Structures are given as C-alpha cells and as structure tokens.
1. What fraction of the Cα pairs in the range 89-243, stated in percent, has a spacing above 29 angstrom?
2. Order 206-215, 238-247, 361-370 from most to least packed using the mean count of other Cβ atoms within 10 Å.
3. List the equivalent ellipsoid semi-axes of the range 105-194 in whole Å, largest first, each obtained as the square root of 5λ for an eigenvalue λ of the Cα gyration tensor.
4. Place the peptides 346-352, 330-336 in order of packing, highest mean first, counting for every residue the other Cβ atoms within 10 Å and averaging per peptide.
5. Beta carbons within 10 angstrom, averaged per residue: use that to sort the peptides 319-325, 147-153, highest first.
6. Hey, if you put +1 on the Cβ of every Lys and Arg and -1 on every Asp and Glu Cβ in the chain, which of Thr109, Leu221, Ala35 ends up farthest toward the positive end of that dipole?
7. How compact is the range 288-396 by the rule of thumb for globular proteins, expressed as Cα Rg over 2.2 N^0.38 Å?
8. Using the Kirkwood formula over every pair of different C-alpha atoms, what hydrodynamic radius in Å results for the chain?
Amino acid sequence: MPQPAGNAGRPMVVHTDFGTELRRRRKAAGLSLSALADLVTYDKSSLSRVESGARLPSRQLAAACDAELGAGGELLRLAGERARRDSGSSPGPARVHGSVPPPDDVVATFASVFGQLRRIGQQVPPPVVLGQAAEQVRALRSLVVPDAPESAPVLLLAARTAEFTGWMAQEAGDVPLARRWTAEAVRLAALAGDESMAAHAHVRRAGLALYQREGLQVVALARRAQATAPVGSRVHAQAAQREAQGHALLGDAYAVERLLDGPAVTPAASSGPFSGGLALGSTTVPDMDDAVAGWCFHDLGQHARAVDALTPVVAGLPPWAARAKGRFGARLARAQLGAGDLDAACATGLLVLSAAGPVASATIAAELRQLLAELGAWRRRHPPAGELNAALGDLLG
C-alpha cells in the first residue's frame, strides 16, 4: 500500500490532534502500535510518526484507522482538518477524476460485471480474474466525487470488489496481497460510511489464520469481528461461525456447540444493496450453517457427524461452483475416510479432483494435501485409494 507523502525539504510542523486521538483510541482498544500497523497494513515506524504528529496522515490511512478503531468518522474528520492546515499535503493514492457521480445505470452495469467476475472466479484459476477485479476497483475509484453522498454506491461496490480481489489473492496463495486488498476494502467502505466491512475484514483475516491452522488467532480475530458488527447482522453470525472453527482447531467441543447454536447466517439476498449482490461472505454455498458445522465436526474428530452435515451441502452446490465443490468436497472426503468409509472417500475424492484441477486453489490444495497424507496407509491395500493417491500426487506436484 503506498505510503503518505513525506515532508522532506520542508520545516517539520508538529500537529498532535489527529495523532493524539489515534493514540488514545488505539490504547483504549488494547492494541499495540505493531498490532494496529498490521491491521491497517502500514509500516510501524511511519505510523509512530503519524501518532507523534511528525507525519501527515493520508485519507487512506485515516479511513482504515477509523474503521478498525470504530471511530465513527472522527479520525477522518481530524485528518481532513490537518490536511487543510498543511498546504503541502498530497491526496491519497486513489485520485478522483469525476466531478459528477455516475448515473445509476452505470453503477448497475459495474455491479453486473462484478457478479460475472465472482461467477467466473468459481471456475478458473485466480490470476485469470485477479487483474480484472483490481482494474474494476481502480475504475470505480476514479468515478468517486469527494464528499458527495451520491458516491456511496460507487464506494460500496469498489469496497466489495476489493474484498473479492483479496479472496482471489488468497486462493492464489498470496497472503500478503490478500491482506492489502482486504485493508483497501475497509478503507473504501469507511469512506462510504459503512463500517460493516471493517468487521468482515476480521472474519477474512481469521480465515487466513484458519488455513494456517492457528486456532488461537482465529478465535481472537473472530471475537474482534463480533465486537464490531451489530448483533443479529450477517457479519456477526459469520464471525461466530469463524470463531467456532477456531475452537474446533483447539479441540474445544463445548465452545463449538455453543457457537453453532447461535443465529444462522441470513441469506445473501436479504443483505446489502444491489439485490444482495454485495452481501459480505460466501453467496455460493446455500447452507453455510451446515457447511461450517461439518467443517468443525471433522476437526473435532466427530467424522460421522461431519459426513451427515457436509453430504447435502456438497450435493446442493450449483453446478458452476467448482471452487466451493473442491473445498467442501475435499473436507467431506476426509470426513468419510475418518468415519471408515474408504470407498465413499475415494469416490468423493475423485469428484473433487475434477472440480479442483481447473481452479488452482490454494485453500483446496491445503485440504487435498491432508487427504493425500491420510490416504497413505491405504494406497497399497485398496485399489481405489491407490488410484486417488496417484491422482492427488499428480495434481499437487
């Protein structure tokens, strides 16, 4: 993420209003300087200079900090006052080119393109859509008119596209890039006055930790999301489910059951603008509640329950949802193997391979590596297991 312009060659003028408020809110949130720098994807030493008043806060940084700390626009306001005082301040990295917000039909067209990108992203390798998604974010940013309420739909769509770009980066195996795009999504949403993306970003970061099997970090990030998102919201329910997955990694069955008994995730169609097209979280899996439950049961060693939960989930996925089929199908195959149904595990595994091959997914590959290791004891004694083992080896290299 580009850093704010420095003050080289000019006398340093110290202003502490923004920095003082930033420090106060950071400490009130119990965050170290390093922790906040990680959350907003910013250099720690540069953030320290911003807090001390020695460095000008960019609008991008102010928006990210405002969203992460739940400042309700106060940090953005203070950053604007600082910028007006300092005639040498430079605009944020997303320069605006429009003077009038685009017509509704233009935004609707961009939303339609975004929907197509998401669907294509379910069926092809991430690099195929990463560049297009990033360009759409840049195009939408160029249409934003500063401080114009009419620009909110453009900003919201740009934020959702940036979040999707982060997901594709994760699927490509580029975790640092995924974090940067997630931070950009938070910034854009905050500019539109929507703080739900900040909570969802914690869910996304918890997802990154989940695939690294860092249970404690998953739980901590998911709890931060729940503390930020309104109770009863779609994001709050998703955060509770993510926390359950973290507890499952840690082997805490009681905590998992308690969280899974919470409110279900509301359908995507009932959330957000553009008829649910911008709803946060997966909109591909019809029953995410059962999908997460099955995921957790497998990590807890309750393989039969996992099979019961995941079987209808995988069967109910749309034909084009290859990425979701690969991810949850691989988990189902592992659960079937754990439950002792070797034939079913091999049959499911071969179906997963047909879905996973074309999409080149890092998250699916992580599941398939586990399946490959778990099949090892059977590859010489069970012909279908040997066939699947060889096919997995070819796919994973």
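1. The share of Cα pairs beyond 29 Å in the range 89-243 comes to 19 percent.
2. 238-247, 361-370, 206-215
3. On the way: eigenvalues 99, 45, 15 Å².
One finds semi-axes of 22, 15, 9 Å for the range 105-194.
4. My ranking of the peptides, most packed first, is 330-336, 346-352.
5. 319-325, 147-153
6. Of the candidates, Ala35 comes out farthest on the positive side.
7. Ratio of Cα Rg to 2.2 N^0.38 Å: 0.96.
8. Roughly 22.2 Å, rounded to one decimal.
Values in this text are rule-based calculations from the coordinates and carry no lab data. Predicted model only: the values in this text are computed from it and were never measured. Every residue, glycine among them, receives a Cβ derived from its backbone with ideal geometry; neighbour counts consider all protein chains shown.
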